[in-house]
Amino acid sequence: MDKIQVTIMPENLQVEVEKGSTLLEAAQAAGISVKSSCGGQGTCGRCAVKILEGNVTGGEGNLSRAKREEGLILACTATVDNGPVTVEIPEASRLHEHQVLLDDDEEGLIRESQLDEEGTDDAPMVKKFQLTLAEPNMTENASDFSRLSTELKGNLDVEEITISYEALKTLPNKVREQDWKVTVTCLLKDDSAEVIRVEAGHVDTPPYGIALDIGTTTVVVALVDLASGKIVAQSGTFNRQATMGDDVISRIVYTEEEKDGLEKIQKVVIDCINELLDEVYEKQNIAAEDVSVMMVAANTTMIHLFLGIEPMYIRREPYIPGAAQYPVVKAKDLGINIIPDGEITSFPAVASYVGGDIVSGAMLTGIEKQEEIWLFIDIGTNGEMVLGNNEWLMCCACSAGPSFEGGGITFGMRAMDGAIEKINIDKDNDYRVSYATVGNASPVGICGSGLIDCLSKLRKAGVIDRQGKMQKVDTWRMREGDDGPEFVLASASESGIDQDIIISEADIQNLIRAKGAVYAGIRVMLNKMQLPIEVISKILIGGGFGNYLNLNDSIRIGLLPDMPAECYEFIGNSSLKGAYKALLSRNAFKHCIELGKSLTYLELSDGNEFYDEYVQAMFLPHTDMSLFPSVED
């Protein structure tokens, strides 16, 4: 097909794309991540760009009048049919690296006692053995692999030992390089072992594994020394699939409507993972061949996109995934940068919207072993939660939408440098706004934790009422905008984008809908069991976003139940920590499979109960103030 040259400014990057490609696709080809919450449907208005030279077709969509007057168009709906074209991508339209939650203790995310409970010492996924084989002669002429198997059986209590094709090809030379001394890496099953690597001599390098969390928003890897059980390096970044949609639904739509959409979106996340792997390998000074296994925790849609499984029916009633348990895959089949015969194992899902990340987190908490009733919540693009104890477990997923990740909010953004993450409003000083930003940079937007803080502080200062409606307060910050009333958080002179950073009444309504969905989900599960909220003895908050929540503000707006602070525990990236725990113990992973099967999934869209609770939660903090006795009116 005809190729057209596109130059992207201010980098002056030149790429060639096929005629009819969108400017969004051109930016992706140049390695520039552009905001596209809607997955290229032209509805979010975030991929605004300016044509400097040349002509494009289209570019219409949901753009404010102010942006149109600036000469901006939408990259996702603008196609290049004639070239060359020069386009400027403003800073406000770009996705940048953002705050990713990594555990401070790289020497071990889980207490040793927790690991021992699952039998880590006697059930690892991988082991390395230093062996000295009997040298053959004319009378002792067994094959090289037979000699290797004989020695291994003295170290392993298994019925069968096999060897991968790649390892077998190297075996004859490796055993002879250093006088029949070799080091072999074995993948271990309950009754079998597979040799996947043969090294000449007695090598002291330990076996390594990767714990991987594929979130809708972020991707995080942890490199684990499987001999010591310690995490030796970590790395994380934003999920590059965000350029194809902010949430799981928009990404599924992308696979349906884009040519080769599933293959493209799968490649994006695999490339992202491989970049992170290269980073941790460099930190530890090891090679990809030193890593034998990968344990993956992800929500149901993310694991479908990672493995290349058709995700279409996840979003269509009756919302059925392709599978809830996933086959073990060889790294070479996915193009993952570990040893080619290394195994990639994925946590089981429960349903279309309760995935392996929640099973991983639930296993980490030990909720299924408790006599008291616990609640585990992972708040992000969706609000998934597990309620129960050692007698019963119930789970559900609330369609909170992308608001807590900055989606659907005028100046919403992820936790990148310049994102407002804390806010205070002084009503006695002309409603002066003070704030803290990620990286202490000039403000360019507001991230999820800042949005919750903002909603709480706007209510406390009387700027909004209990319905989220803006009040007529005497300050220059209150004004009428294109979409109705809005409040200025930072003026153009102090922002990093030469624009006033505002929050509108429409933004506030989106946030109230998101918080209302989470709280309604909690109420519905309790109602199903005919239990009051006071019966919960502990609430565990997981996820990167959850880790940055201000507890008081979250209660004040009605996102979380009004319970004493000592009832709450923030457990960080529970998905990654669970993957780490399972990586070190086959018993722990087998327990996860049974745990996934034991969770009773509650479909909130079935019937009117969720809707009724949701409507009641559309106030700050709630219609029923008796549920929030600590919150002053």
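The values are calculated or read from the model by the stated rules, or taken from the named source; none is laboratory data. Because the structure is a prediction, the values reported are computed rather than measured. Cβ: placed from backbone, ideal geometry, glycine included. Neighbour counts: every protein chain shown. Keep in mind that these areas ignore ligands, DNA and RNA; they rest on the heavy atoms of the full protein, side chains included. Shrake-Rupley method; radii C 1.70, N 1.55, O 1.52, S 1.80 Å.
Run down ILE286, ILE303, ILE314, ILE273 and say which single residue is among the hydrophobic types (A, V, I, L, M, F, W, C), over 28 Å from LEU187 (Cα atoms) and buried (at least 17 other Cβ atoms within 10 Å of the Cβ). Give the steps one after another, and end with the answer.
Numbers: ILE286 fails: over 28 Å from LEU187 (Cα atoms); ILE303 fails: over 28 Å from LEU187 (Cα atoms); ILE273 fails: over 28 Å from LEU187 (Cα atoms).
It is ILE314.
Would you mind stating whether THR410 is touching a helix residue (DSSP H, G or I) at 6+ places or on another chain (Cβ under 8 Å), touching a residue at least 40 places away in the same chain (Cβ under 8 Å) and either open to solvent by less than 10 Å² (accessible area, probe 1.4 Å) or more than 30 Å from LEU63 (Cβ to Cβ) (or both)? Please lay out each step first, then the result.
Working: touching a helix residue (DSSP H, G or I) at 6+ places or on another chain (Cβ under 8 Å): yes; touching a residue at least 40 places away in the same chain (Cβ under 8 Å): yes; either open to solvent by less than 10 Å² (accessible area, probe 1.4 Å) or more than 30 Å from LEU63 (Cβ to Cβ) (or both): no.
In short, no.
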Problem set entry | Unique residue being crowded, with 17+ Cβ neighbours inside 10 Å and within 25 Å of ILE249 (Cα to Cα) when the list is ILE452, ILE464, ILE420, ILE425 | ILE452
Seminar exercise, completed: The condition of being touching a residue at least 12 places away in the same chain (Cβ under 8 Å), open to solvent by 10 Å² or more (accessible area, probe 1.4 Å) and of a type in the set (Gly, Ala, Ser) holds, among ALA351, ALA331, only for ALA351
For this session: Could you identify the single residue in LEU602, LEU583, LEU620 that is in contact (Cβ under 8 Å) with a residue 60 or more places away in the chain and within 25 Å of ILE464 (Cβ to Cβ)?
Result: LEU620
Seminar exercise, completed: Residue count, segment 159-212, condition over 13 Å from LYS127 (Cα atoms), among the basic types (Lys, Arg) and in contact with a Ser or Thr (Cβ under 8 Å, 6 or more places away or on another chain), comes to 1
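Is it fair to say ASP500 is of a type in the set (D, E, K, R), open to solvent by 60 Å² or more (accessible area, probe 1.4 Å) and over 27 Å from MET385 (Cβ atoms)? Outline the logic, then answer.
Details: of a type in the set (D, E, K, R): yes; open to solvent by 60 Å² or more (accessible area, probe 1.4 Å): no; over 27 Å from MET385 (Cβ atoms): yes.
Answer is no for this residue.
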